[in-house]
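Below is one structure, written out as structure tokens; the observations come after it.
Laboratory data are not the source of any read-out in this text; all were calculated from the coordinates shown. Keep in mind that this is a model prediction, so the values were computed, not measured. For neighbour counting, all protein chains shown are included, and Cβ atoms are generated from backbone atoms with ideal geometry for every residue, glycine included.
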Amino acid sequence: MNKQVCLAVLIYSLTLMSCGLLGYQKGSMGSLYAGTGLGFLLFLSSIALFFQKKAGLYAATLLTAAFSAVFLIRYVKTEKPFLALLAALSGGMLCYLLLQLSKWKKN
């Protein structure tokens, strides 16, 4: 796995953690727990990707799919533009990770 994928997952995880903290400042404990907790799991999967572990790519893909679904459902309910931005970001990241998963060479 090349370092670009590791870096992309790392930046995405840090973005989600910072968005969780931003949501907490606006009074949402759920955003804090989801953003920092799942963002930290994505951070761990980026470390696993750095060490060429295929499980890291699977974990990052599943967590990103979960984030995409949650952001999309929350956007449909609230129609807030920030959630649409996060859903689009997560969807793009999901497509990128699925592409990388299809390119993974068997060891």
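Across region 3-103, how many lysine pairs, 8 or more apart or on two chains, come within less than 27 Å at their alpha-carbon atoms? Eligible lysine pairs with Cα atoms under 27 Å apart amount to 7. Helical content alone sets the calculated 222 nm signal of the chain at -30500 deg cm²/dmol, taking -39,500 (n - 2.57) per DSSP H segment of four or more residues and averaging over every residue. Compared with the dominant principal axis of the Cα atoms in the chain, helix 3-25 is inclined by about 20°. Shape summary: the chain maps onto an equivalent ellipsoid whose semi-axes, from the alpha-carbon gyration tensor, are 26, 15, 10 Å in decreasing order. Calculate the spin-label point distance for GLN52 paired with LYS26, positioning each point 7 Å from the Cα along the beta-carbon direction, and give it in nanometres. About 4.3 nm separates the two model spin labels. For the Cα atoms of the chain, what angle does the longest principal axis make with the long axis of helix 81-103, in degrees from 0 to 90, nearest 10? Helix 81-103 and the main axis of the chain meet at about 10 degrees. Give me the angle, in degrees from 0 to 90, between the Cα long axis of helix 29-50 and the longest principal axis of the Cα atoms of the chain, rounded to the nearest 10. Between the helix axis and the principal axis of the chain, the angle is about 10 degrees.
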